[in-house]
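Comments concern the structure below.
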Amino acid sequence: MMLARMRFLVATLWAGSLWTIGFIVAPTLFATLSDRVLAGNIAGSMFRAEAWLSIACALVLLALLQWGAGALELKRRRLLGALVLAMLVCALLSHFGISPLMAELKAQAPSGIMDEAMRSRFGMLHGVSTLIFAVQSLLAGVLIWKQQ
């Protein structure tokens, strides 16, 4: 029972942090700050912190699923494990795959001004990153729902 509560608590922390940063904080930054570069830099810092929180939560949840294996039926444990692993893959792809490419483009832009080709590539990468984040956020809802 204690491990189930810990799993629920960690999953809720993870989902809540994703939803808060992605759907409340980041949009509020862009709506409030007149400097879009500053808003993007702050949001980027928050998403980097979120990626590390995602990695930590995934590892803790996988450990809790392993330690509490006897308390869950095999089918449910596999489902929860698959959800956690899928969310972890999303975080790793975004943080170690997409984000460095976006940072490289920003570093190449003189004075933060990108030419049309760089803006187009940055927009495409941002779109992929947004899609990955949306998938991770949806999976987080399923993870919370399937805890019970």
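The values are calculated or read from the model by the stated rules, or taken from the named source; none is laboratory data. For clarity, every value in this text was computed on a predicted model and none was experimentally measured. Reconstructed Cβ throughout: ideal geometry from the backbone, glycine too, with neighbour counts over all protein chains shown.
Going through A91, A103 one at a time, which residue ends up being assigned to a helix (DSSP H, G or I) and at pLDDT below 95?
Answer to the check: A103.
Condition check ((1) more than 20 Å from T130 (Cβ to Cβ); (2) of a type in the set (S, T, N, Q); (3) under 12 Å from the mean Cα position of the chain (by Cα); (4) at pLDDT 95 or above) across all residues:
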residue	(1), (2), (3), (4)
A4	yes, no, no, no
L18	no, no, yes, yes
S34	yes, yes, no, yes
W67	yes, no, no, no
A82	yes, no, no, yes
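Using the structure shown, decide if A11 is hydrophobic (A, V, I, L, M, F, W, C), touching a Leu at 6+ places or on another chain (Cβ under 9 Å) and touching a residue at least 60 places away in the same chain (Cβ under 8 Å).
For A11, the condition - hydrophobic (A, V, I, L, M, F, W, C), touching a Leu at 6+ places or on another chain (Cβ under 9 Å) and touching a residue at least 60 places away in the same chain (Cβ under 8 Å) - is met.
Just one of (1) without any contact (Cβ under 8 Å) to a residue 24 or more places away in the chain; (2) in contact with a helix residue (DSSP H, G or I) (Cβ under 7 Å, 6 or more places away or on another chain); (3) of a type in the set (V, I, T) trips up I55, so point out which.
(1)
Residues of region 104-123 being surrounded by 13 or more Cβ atoms within 10 Å (Cβ to Cβ) and hydrophobic (A, V, I, L, M, F, W, C), which ones?
If the condition is that a residue be surrounded by 13 or more Cβ atoms within 10 Å (Cβ to Cβ) and hydrophobic (A, V, I, L, M, F, W, C), then L105, A109, M114, M118, F122 are the ones that fit.
Just checking, does region 32-44 include any residue being in a helix (DSSP H, G or I), of a type in the set (K, R) and closer than 30 Å to A117 by Cβ?
Checked region 32-44: at least one residue is in a helix (DSSP H, G or I), of a type in the set (K, R) and closer than 30 Å to A117 by Cβ.
Let's see how each residue does on (1) closer than 16 Å to F8 by Cα; (2) surrounded by fewer than 18 Cβ atoms within 10 Å (Cβ to Cβ):
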{"residue": "D35", "(1), (2)": "no, yes"}
{"residue": "A39", "(1), (2)": "no, no"}
{"residue": "G44", "(1), (2)": "no, yes"}
{"residue": "A49", "(1), (2)": "no, yes"}
{"residue": "C57", "(1), (2)": "yes, no"}
{"residue": "L65", "(1), (2)": "yes, no"}
{"residue": "G70", "(1), (2)": "no, yes"}
{"residue": "L88", "(1), (2)": "no, no"}
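If you go through region 59-88, how many residues are in a helix (DSSP H, G or I) and either in contact (Cβ under 8 Å) with a residue 40 or more places away in the chain or among the basic types (K, R) (or both)?
The total comes to 16.
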